[in-house]
Amino acid sequence: MTDEVQALAELTALQAKMAAFRPLAAAEVRALEEDVRIEHVWSSNAIEGSSLTKYETASILNRGMTIHGAPVAEILDAMDLNRAYDYMMDLAARPQLLTATTVRDLNRLAMRRVDNPDAGRYRAVAAWPSGFEETPYTEPFAINAAMADLIDWSHTAQVTLHPVKYAAELHRRFVTNHPFADGNGRTARLLMNLALTEFGYPVINIQPDRASRDAYMAALHLSQTTGDAAPFTAIIVANVRATLQARIATLQLAEANRQAAAGDSRLEADDQGNHQ
């Protein structure tokens, strides 16, 4: 058994363990989902250079507050990606085959910026990773065919690959095409999390600290130049593992708290029921 196969099997076991717990209370679910959503918007934009902190992002999204001194473009980016995230989660709740329309719409929402004409439109000019002009992304005249190939691949890969492997490959292949003028990284991370969530895995958020971002970008570039996808898949696997472990720890705590509360009362059973 290869290291990757063993790691994916571990994720399957962790996901099954997570699913075996009783769910959190409704209020706890809402709070957890809210935190994940804010972290996604903050971290995904920060990877692309946004200076907003997680707290500032939360203030913009939850209270509609503008941040003194923050660039208007970054505030709009947070609001746009928040809409795209909600759309992604809505799609995940009713699983379906991936389409080019879904990909375009995720980019449209993520990069709206008040009627941005390039949102959802395939680029017509060359593009390459910053500082690597010698390794351009898919050339403009080949994008339509490349994206059609990606969509066809996804329909097979979705049922033949491990869900985490599929999510990582979907992200990697999309970024290698880099079909849009802007927002490709944000769209790739939305697509990856759409794939994960459809299969019952939690949303993962690549952290924007220097070390995490550099490793993530380097693995993507390596896969583009050499075809070696293993380092990138390993990064996604590690993030899924950490997120599953954290979620399981939360569920274990909730269960322990339920049991502790159930056995710690001087009230009669009828009185307890009346106050629940």
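Out of the residues in region 237-270 that are in a helix (DSSP H, G or I) and acidic (Asp, Glu), state the one that is surrounded by the fewest Cβ atoms within 10 Å (Cβ to Cβ).
Going through the qualifying residues, I end up with 270.
From 110, 16, 73, 46, grab the single residue that is modelled with pLDDT of 95 or more, small (Gly, Ala, Ser) and either surrounded by fewer than 18 Cβ atoms within 10 Å (Cβ to Cβ) or more than 22 Å from residue 196 (Cβ to Cβ) (or both).
That would be 16, the only listed residue that is modelled with pLDDT of 95 or more, small (Gly, Ala, Ser) and either surrounded by fewer than 18 Cβ atoms within 10 Å (Cβ to Cβ) or more than 22 Å from residue 196 (Cβ to Cβ) (or both).
Show me the helices (runs of 4 or more DSSP H) entirely contained within region 56-169 in which 2 or more residues are at negative phi and aromatic (Phe, Trp, Tyr).
72-92
To keep it simple, each residue is scored yes or no on (1) surrounded by 17 or more Cβ atoms within 10 Å (Cβ to Cβ); (2) of a type in the set (A, V, I, L, M, F, W, C).
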{"residue": "130", "(1), (2)": "no, no"}
{"residue": "141", "(1), (2)": "no, yes"}
{"residue": "153", "(1), (2)": "no, yes"}
{"residue": "167", "(1), (2)": "yes, yes"}
{"residue": "175", "(1), (2)": "yes, yes"}
{"residue": "182", "(1), (2)": "yes, no"}
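From the list 267, 222, exactly one residue is closer than 24 Å to residue 138 by Cα, aliphatic (A, V, I, L, M) and more than 18 Å from the chain's Cα centre (by Cα). Which is it?
222
Under 7 Å between Cβ atoms, at least 6 apart or on separate chains: pull out the pairs that start in region 12-25 with a residue that is under 18 Å from residue 242 (Cβ atoms) and end on any residue that is hydroxyl-bearing (Ser, Thr, Tyr) and modelled with pLDDT of 95 or more.
That search, which allows pairs on different chains as well, returns 15/201.
In region 222-236, which residues are surrounded by 12 or more Cβ atoms within 10 Å (Cβ to Cβ), out of contact with any Phe, Trp or Tyr (no Cβ under 7 Å at 6 or more places or on another chain) and either of a type outside the set (Val, Ile, Thr) or within 16 Å of residue 16 (Cα to Cα) (or both)?
Hits for region 222-236 are 222, 224, 228, 229, 230, 231, 232, 234.
Table: residues versus (1) closer than 23 Å to residue 50 by Cα; (2) among the charged types (D, E, K, R).
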position: 66; (1), (2): yes, no
position: 87; (1), (2): yes, no
position: 94; (1), (2): no, yes
position: 97; (1), (2): no, no
position: 104; (1), (2): yes, yes
position: 116; (1), (2): yes, no
position: 127; (1), (2): yes, no
position: 135; (1), (2): no, no
position: 140; (1), (2): no, no
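Do we find that residue 99 is exposed (fewer than 15 other Cβ atoms within 10 Å of the Cβ), in contact with a helix residue (DSSP H, G or I) (Cβ under 7 Å, 6 or more places away or on another chain), closer than 27 Å to residue 231 by Cα and in contact (Cβ under 8 Å) with a residue 40 or more places away in the chain in this structure?
When the stated conditions are applied, residue 99 does not pass them.
Residues checked against (1) assigned to a helix (DSSP H, G or I); (2) of a type in the set (Gly, Ala, Ser); (3) within 28 Å of residue 111 (Cβ to Cβ); (4) in contact with a Ser or Thr (Cβ under 8 Å, 6 or more places away or on another chain):
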{"position": "16", "(1), (2), (3), (4)": "yes, yes, no, no"}
{"position": "22", "(1), (2), (3), (4)": "no, no, no, no"}
{"position": "33", "(1), (2), (3), (4)": "yes, no, yes, no"}
{"position": "43", "(1), (2), (3), (4)": "yes, yes, yes, no"}
{"position": "49", "(1), (2), (3), (4)": "no, yes, yes, no"}
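Could you tell me which of the residues 149, 115 is more than 30 Å from residue 18 (Cβ to Cβ), more than 22 Å from the chain's Cα centre (by Cα), modelled with pLDDT under 95 and not aromatic (Phe, Trp, Tyr)?
Every option except 115 fails the conditions.
Being in contact (Cβ under 8 Å) with a residue 40 or more places away in the chain and either among the small types (Gly, Ala, Ser) or in a helix (DSSP H, G or I) (or both) is the filter here; which residues of region 196-216 pass it?
196, 197, 198, 200, 213, 216
Residue-by-condition table, conditions (1) among the polar types (S, T, N, Q); (2) more than 17 Å from residue 190 (Cα to Cα); (3) in contact (Cβ under 8 Å) with a residue 60 or more places away in the chain; (4) touching a strand residue (DSSP E or B) at 6+ places or on another chain (Cβ under 6 Å):
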| residue | (1), (2), (3), (4) |
| --- | --- |
| 118 | no, yes, yes, no |
| 125 | no, yes, no, no |
| 154 | yes, no, no, no |
| 162 | no, yes, yes, no |
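The values are calculated or read from the model by the stated rules, or taken from the named source; none is laboratory data. In this text the structure is predicted, and so the values were computed from the model without any measurement. FYI the Cβ positions are ideal-geometry reconstructions off the backbone, even for glycines, and counts take in every protein chain you see.
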